[in-house]
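Asker: Here you go, one structure.
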C-alpha cells in the first residue's frame, strides 16, 4: 500500500493522518452523483463521500484527470459496519473506472486522496446500475407487482417481482450460472431455479409456459431458459414471469438487482476553483452551517448546484452557489 511507503517521514505521517481522519467526517451525497474537483498541492488532504446503496445495485466510479494532470489519485471504498469502516476495494487513476456490487444494503464511503506533494483536477462520476441483467427479453416486458405486496388477502407477502410480457416471450439467464432445478407443480407452475456463478444467490423463474433447460446445465447471461406463461396459480392472470432471488437467509427484494431504469449522473459546469470561497451572508439551513461572512473556505469541488468546500477546522461542507462568492 502507498501509505506503507510514506509513513516513515513527518510528511508521510501527516498524509496517513489525513487519510484516517477524513473517514470520521465524510460528506454525505446522493447517487447518482458527479463532481469536478481539485486537490491543491501542498498540505496532505483527502476527501470522503458517504452514500447509501441497496442490495443488488452495482455502484460504478469513473474518475478522469483534467487538464493533463500528472498526479496519482488513490480511491478506496469502505462499507460502514456499525461505526467502523470496512475496506472493500482500492484503485488509483491508472484504473479510471471501477465499481462493486452491493452485497448488502447499507452505507458506503468513497475516499479520494492524491499522492504526497501532488495535486490536480479531476472529474468524478458515481452511477448506479443493476448487478444482473433483466430476465425477460424484448422491449415489451413491464414490471407490475413488486416485493412485499399482499397475497391471499394478506396471509403472505409477494417474495419477488412480476414482469408482464406477451405469452411465449423468452425468459433469459440474468447472469452466468447453472441450473439447479426444473420443476412443474404448486404455486409456481412450471419453474426454473438457477445458481449465479460466483455469488451466494439463486434465481427463481416461475409461471413459465415452457422450460427449455435441464437441471445441471451451465448457462451464460442472456441464454433462454424458458418462455413466459401463466402456469400454476397464475392461470387466471395475464401471462407474466414471477422472478425471485433467494439467499441462504431466504428471499430478498430482486428489484434493485434488475431495475434497468437507470438515472444519468447530473450535468456539472466547470467553475474556477483557484482561490477561496466566502459566504455572501449568514445563511440558514444544514448545508450552509450558518457561515460567517468572515469565514474563508477552500473549494475542493463543484457539483450541479453547490461547491464542496473545506472549512478552516477541516470540516467538509456543501455550499450552494448562491450563498458564496469566490475571492482571490
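Asker: Would you please give the FRET efficiency between residue 236 and residue 304, computed as 1/(1 + (r/R0)^6) with r the Cβ-Cβ distance and R0 = 41 Å, to the nearest 0.05?
Answerer: My answer for the efficiency is 0.25.
Asker: Starting from the 7 Å offset along Cα-to-Cβ, what nm value, one decimal, do you get for the label separation of residue 215 and residue 197?
Answerer: Placing both labels 7 Å beyond Cα along the Cβ direction yields 2.3 nm.
Asker: In addition: If you wrap the stretch 142-258's Cα atoms in a convex hull and average its projection over all directions, what's the area in nm²?
Answerer: Averaged projected area of the stretch 142-258's Cα convex hull equals 6.8 nm².
Asker: From Cα pairs below 8 angstrom and at least 6 apart in sequence, can you work out the relative contact order of the stretch 142-258, rounded to a whole percent? Provide the component values of the computation, followed by the final result.
Answerer: Details: 315 pairs, mean separation 35.0, N = 117.
Relative contact order comes out at 30 percent.
Asker: Find how much the distance from residue 104 to residue 251 grows on full extension, using 0.36 nm per residue of separation minus their present alpha carbon separation; answer in nm with one decimal.
Answerer: 51.6 nm
Asker: What relative contact order, as a whole-number percentage, does the chain give when Cα pairs under 8 Å and 6 or more residues apart are counted? Please report the intermediate quantities before stating the final value.
Answerer: Details: 832 pairs, mean separation 52.6, N = 328.
For the chain, the relative contact order is 16 percent.
Asker: With springs only between Cα atoms under 10 Å apart, run a GNM on the chain and tell me which of 221, 199, 315 wobbles the most.
Answerer: Fluctuation is largest for 199.
Asker: Taking Cα atoms, how many degrees apart are the long axis of helix 10-21 and the longest axis of the chain, rounded to 10 and kept between 0 and 90?
Answerer: Relative to the chain, helix 10-21 is tipped by roughly 40 degrees.
Asker: Oh, and also: Please identify, among 249, 138, 120, the residue showing maximal mean-square fluctuation in a Gaussian network model of the chain using a 10 angstrom Cα cutoff.
Answerer: Most flexible of the set in this elastic network: 249.
Asker: Can you tell which of 313, 253, 92 shows the greatest fluctuation in a Gaussian network model of the chain with Cα springs below 10 Å?
Answerer: In this elastic network of the chain, the residue with the biggest mean-square fluctuation among 313, 253, 92 is 313.
Asker: A further question on this structure: Tell me, in nm to one decimal, what length is gained between residue 62 and residue 328 on full extension, where the rule is 0.36 nm per residue of separation less the Cα-Cα distance?
Answerer: 92.7 nm
Asker: Still on this structure: Provide the gained length on full extension for the span residue 84 to residue 30, in nm with one decimal, where the gain is 0.36 nm per separating residue minus the Cα-Cα distance.
Answerer: Residue separation times 0.36 nm, minus the Cα-Cα distance, leaves 17.4 nm.
Asker: Next question, about the same structure. Quickly work out the residue 272-to-residue 260 label distance, labels modelled 7 Å from Cα along the C-beta direction, and quote it in nm with one decimal.
Answerer: 4.7
Asker: Quick one: check the C-alpha center-to-center distance for the stretch 215-274 versus the stretch 88-115, whole angstrom.
Answerer: 24
Asker: Compute the convex hull volume of the Cα atoms of the chain, divide it by the residue count, and report the result per residue in Å³ as a whole number.
Answerer: For the chain, the hull spanned by Cα atoms encloses 173 Å³ per residue.
Asker: Run the quick spin-label model on residue 54 and residue 311: label points 7 Å from Cα toward the beta carbon, then report their separation in nm to one decimal.
Answerer: Modelled inter-label distance: 3.4 nm.
Asker: Can you compute the FRET efficiency between residue 117 and residue 20 using 1/(1 + (r/R0)^6), with r the Cβ-Cβ distance and R0 = 25 Å? Round to the nearest 0.05.
Answerer: 0.85
Coordinate-derived values only; no laboratory data. Since this is a predicted model, take the numbers as computed values, not measurements. Cβ atoms come from the backbone with ideal geometry, glycine included; neighbour counts cover every protein chain shown.
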